[in-house]
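J.: Quick one: the structure is below, and I'll ask about it shortly.
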Amino acid sequence: MTHYLKVWLASARYSLVRTMMFRGDFFVWSLVELFWMSVNLLLVAVIYRHTTTVAGWGKYEMLLLVGTSLMIQRLLMGFFWSSIFEIGRNVRTGNFDFFLAQPGNIMFMATTRKLDPDGLVNSVLAAGVVVYAAGQLGLRPSPADLALYAGLVGCGLVIHYSILVLSISPVFWLTSAQGVEGGYFTLTEFSRLPREAFKGVTSFLFVWLLPVVVVSNAPARVLLHGFEPRWALWLLALAATWLALAVFVFHRGLRRYASASS
Amino acid sequence: MLAAFEKYRQAFLVGLQSNLVYRWNFAVRGFFSLFHLAVVFILWGAAFAGSERIGGFDLRQTLTYFVTLLVLQFFISAFNEDYQISEEIRNGLINQFLLKPINYFLYRFSIFVAARLVSGVLILLPLLCAFPVIRDYLTFPLDGWRLAVGLPALALSALIQFSIAYCFGMLTFWFLEIQGFVILSMAVEAVLGGQIFPLDLMPEPIFRASQYLPFYYQMYFPAAIITGRIDLPTAGQGLAIQTGWVLVLLAVNHLLWVRGLRRHTAVGG
């Protein structure tokens with residue numbers, strides 16, 4: 001475990017040094033993510049200009065949900081996005097060989113190599129949105145609630161990570177992973193909606209079959225309603241299941257990797 | 001004149017062939033768009049549960065607006081034209097056009113039209129699959145003038161979309177990497193183009209101000225004409241402003257091309 005922490009810290013240090021070398025790039029990308037976050041907040045503001053409730057959720061409750069969803073997404077962007085996204089290109093070009101020669105679990109090495117500080121900066125801003133919404137709602141969560149909220153956000157991050165790994169893994173069979181980005185962002189759109197808005201087929205599909213709704217709703221509900229064992233356990237079980245599935249599919253794919261270089 | 005037309009017709013046909021190669025990419029993108037449509041239906045369905053009309057329009061009119069927007073995106077939006085132009089400049093592929101009697105803007109525009117024809121037809125397939133579910137939510141006004149004004153508005157919107165992408169592509173003459181600028185601009189275009197919510201739901205002064213920006217004419221304007229969100233006098237006035245923006249953007253395109261070429265160095269043989 002300490003070994004992996006050391007490897008990860010070395011990669012993180014390298015990423016930070018690299019970011020400082022391209023400060024303009026860092027500024028532009030931070031702005032890009034900030035703009036896209038603002039787009040989502042703007043949508044909430046516009047809808048609640050004309051209505052007081054969406055599926056029983058008020059404006060600031062919705063803001064808290066959207067802030068939580070954005071925070072999980074930005075954490076994913078900060079910690080894993082670039083590394084996972086590059087797997088497609090590396091498998092196609094044969095550069096994936098580089099990870100096979102590294103001293104550690106290949107999935108860990110390949111998915112944690114790069115850190116994007118712009119995503120992490122924006123995750124702090126998303127956390128600011130959550131704090132603001134909680135303040136407007138007059139919420140005073142206990143330390144235990146805050147710890148549970150952080151734990152469930154962590155579970156959400158694991159689920160997003162697993163979905164992204166599962167989305168990129170077909171590259172081992174197809175040698176192309178085009179459309180992964182669009183597919184992932186489309187699916188995460190559902191995580192900005194309250195669970196109560198889903199009915200019938202959509203409820204079955206996006207609440208029960210795919211974990212795209214519970215991923216943000218479970219942590220948001222901890223702040224709004226306190227500890228609800230059903231939601232917490234559900235998210236924990238989903239995180240474990242989807243991570244196991246991602247590990248399984250990734251390693252099955254790895255067996256197919258034949259290296260493009262010769 | 002005919003010879004010139006023939007040149008670009010060939011470019012169009014090449015564009016058609018090369019985009020048909022990527023038909024599955026467009027099909028997958030179209031399929032994922034249905035998920036986006038599902039999000040829109042769920043969100044706005046829940047919002048309308050609290051009030052019968054939002055911004056003067058009912059749920060069916062609002063959902064019709066978003067379905068129209070989806071179709072228009074595949075018929076007139078610029079997808080990755082900015083990247084393609086950027087790549088051609090960065091890799092030096094643009095050099096060949098400097099030596100041939102061909103206008104680079106018209107060449108790229110011919111390929112853009114071909115690409116949108118392919119993607120536009122392909123989005124109709126997933127929409128046809130979804131039609132049994134969404135048909136009850138669709139309601140289009142039947143005024144004849146909407147078609148007469150809507151079609152030129154659509155053509156001008158496509159020109160604006162392409163011109164903005166072309167401008168970003170041209171920035172490669174100055175910057176090595178344009179991806180950040182493009183995605184930054186996409187966020188602005190998505191909001192002010194009415195892709196996130198109908199612009200008429202914004203506060204009145206902001207909505208009025210947005211009518212003088214080119215983004216308003218990228219997507220919202222033609223969609224609003226077709227789905228009955230604006231009346232004839234507003235559409236006529238909008239068409240005039242839209243034409244003005246097309247001329248401005250064409251001039252900027254030309255300026256960037258001329259100034260950019262001064263900085264360009266063609267290396268190799």
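J.: Suppose R0 equals 25 Å; then what is the FRET efficiency for residue A:1 and residue B:177 from their Cβ-Cβ distance, rounded to the nearest 0.05? Write out the running numbers ahead of the final one.
T.: Details: r = 38 Å, r/R0 = 1.50.
Between residue A:1 and residue B:177 the formula returns 0.10.
J.: So, one more: Return the whole-Å distance between the Cα centroid of the stretch A:107-176 and the Cα centroid of the stretch A:230-251.
T.: If we compute the Cα centre of each part, the gap is 15 Å.
J.: At a Förster distance of 51 Å, what's the computed FRET efficiency of residue A:121 paired with residue B:265, Cβ-Cβ distance as r, to 0.05?
T.: That pair, residue A:121 with residue B:265, gives E of 0.90.
J.: Would you tell me the mean number of C-beta atoms belonging to other protein chains that fall within 10 Å of each C-beta in A:189-201, as a whole number? Spell out each step's value before the answer.
T.: On the way: counts 7, 6, 1, 2, 4, 3, 0, 1, 8, 3, 3, 0, 2.
That average works out to 3.
J.: Still on this structure: How much net charge surrounds residue A:132 when only the other residues with a Cβ under 15 Å from the Cβ of residue A:132 are counted, with Lys and Arg +1 and Asp and Glu -1?
T.: Numbers: positive: A:59, A:140; negative: A:61.
Here the count lands on +1.
J.: Can you compute the label reach from residue B:251? Point 7 Å from Cα along the Cβ direction, backbone N cut-off under 12 Å, restricted to the stretch B:190-218.
T.: none
J.: Moving on. Could you tally the net charge around residue B:235, taking each other residue with its Cβ under 15 Å from the Cβ of residue B:235, Lys/Arg +1 and Asp/Glu -1? Mind dumping the intermediate values first?
T.: On the way: positive: B:146, B:229; negative: B:143, B:200, B:231.
Neighbour charge sum, excluding residue B:235 itself: -1.
J.: Something else about it: To test your reading of the geometry: what angle, between 0 and 90 degrees and rounded to tens, separates the Cα axis of helix B:104-134 from the longest principal axis of chain B?
T.: 30
J.: Let me ask you something else. With an 8 Å Cα cut-off and a minimum separation of 6 or more residues, compute the relative contact order for chain A in percent. Intermediate results must be reported in sequence, preceding the final value.
T.: On the way: 312 pairs, mean separation 68.6, N = 262.
So the answer I get is 26 percent.
J.: Right, next: To the nearest Å, what is the center-to-center distance of the stretch B:35-57 and the stretch A:6-62, using C-alpha atoms only?
T.: 25
J.: Using alpha carbon centroids, what distance separates the stretch B:92-142 and the stretch B:218-247, in Å?
T.: So the two Cα centres are separated by 20 Å.
J.: For A:61, B:52, what ranking results if the residue with the fewest other Cβ atoms within 10 Å of its Cβ goes first?
T.: On the way: A:61 22, B:52 8.
Going from least to most buried by this count: B:52, A:61.
J.: I would also like to ask the following. Express in nm, to one decimal, how much length is gained between residue B:121 and residue B:27 on full extension, taking 0.36 nm for each residue of separation and deducting their alpha carbon distance. Please report the intermediate quantities before stating the final value.
T.: Numbers: separation 94, 0.36 × 94 = 33.84 nm, distance 0.98 nm.
Result: 32.9 nm gained on full extension.
J.: Using Cα positions and a limit of under 19 Å, work out the lysines in reach of residue B:7, with same-chain residues fewer than 8 apart set aside.
T.: Counting by Cα, and skipping residues close in sequence, residue B:7 has these lysines nearby: B:100.
J.: For residue A:59, which lysines qualify as cross-link partners when the Cα separation must be under 29 Å and same-chain residues fewer than eight apart are set aside?
T.: Those lysines meeting the cut-off are A:199.
J.: Sticking to Cα atoms, compute the Rg of chain B to one decimal and its Dmax as the biggest Cα-Cα distance, whole number, in Å.
T.: Reported Rg and Dmax, both Å: 19.7, 67.
J.: Let me ask another. Two decimals, Cα atoms only, Kirkwood Rh: what is Rg/Rh over the protein assembly as shown? Walk me through the intermediate numbers first.
T.: Working: Rg = 24.3 Å, Rh = 25.1 Å.
My calculation of the ratio gives 0.97.
J.: Now, a different point. Quick one: among B:89, B:225, B:102, which has the greatest mean-square fluctuation in a GNM of chain B with alpha-carbon springs under 10 angstrom?
T.: In this elastic network of chain B, the residue with the biggest mean-square fluctuation among B:89, B:225, B:102 is B:102.
J.: Comparing A:62, A:71, A:109, which has the greatest mean-square fluctuation in the GNM of chain A with Cα pairs linked when under 10 Å apart?
T.: A:109
J.: Under a GNM of chain B (C-alpha, springs under 10 Å), which listed residue has the highest mean-square fluctuation: B:23, B:116, B:229?
T.: B:23
J.: Mark the label point 7 Å from the Cα of residue A:228 along Cα→Cβ and return the residues of the stretch A:47-82 whose backbone N is within less than 17 Å of it.
T.: A:54-69, by backbone N distance to the label point.
J.: Just to confirm a number: summing +1 for Lys and Arg and -1 for Asp and Glu over residues other than residue B:219 whose beta-carbon lies under 15 angstrom from that of residue B:219, what do you get? Write out the running numbers ahead of the final one.
T.: Numbers: positive: B:116, B:229; negative: B:189, B:200.
Spelling it out: positives minus negatives among the neighbours equals 0.
J.: Another question, then. What percent does the relative contact order of the stretch B:2-263 come to when contacts are Cα pairs within less than 8 Å and at least six residues apart? Please report the intermediate quantities before stating the final value.
T.: Working: 263 pairs, mean separation 71.6, N = 262.
Relative contact order, the stretch B:2-263: 27 percent.
J.: Moving to a separate point now. Which FRET efficiency, nearest 0.05, do residue A:245 and residue A:82 yield, Cβ-Cβ r, R0 22 Å?
T.: 0.45
J.: Using a ≥ b ≥ c from the Cα gyration tensor of chain A (square roots of the eigenvalues), is it rounded, prolate or oblate, where a/c under 1.5 gives rounded and otherwise the larger of a/b and b/c decides, a/b for prolate? Spell out each step's value before the answer.
T.: Details: a/c = 1.86, a/b = 1.58, b/c = 1.18.
Verdict is prolate for chain A.
FYI, it's all coordinate maths here, none of it is from the lab. Here the structure is a predicted model, which means the values were calculated and not measured. When we count neighbours, we look across all protein chains shown, and the Cβ atoms used for this are built from the backbone with ideal geometry, even at glycine.
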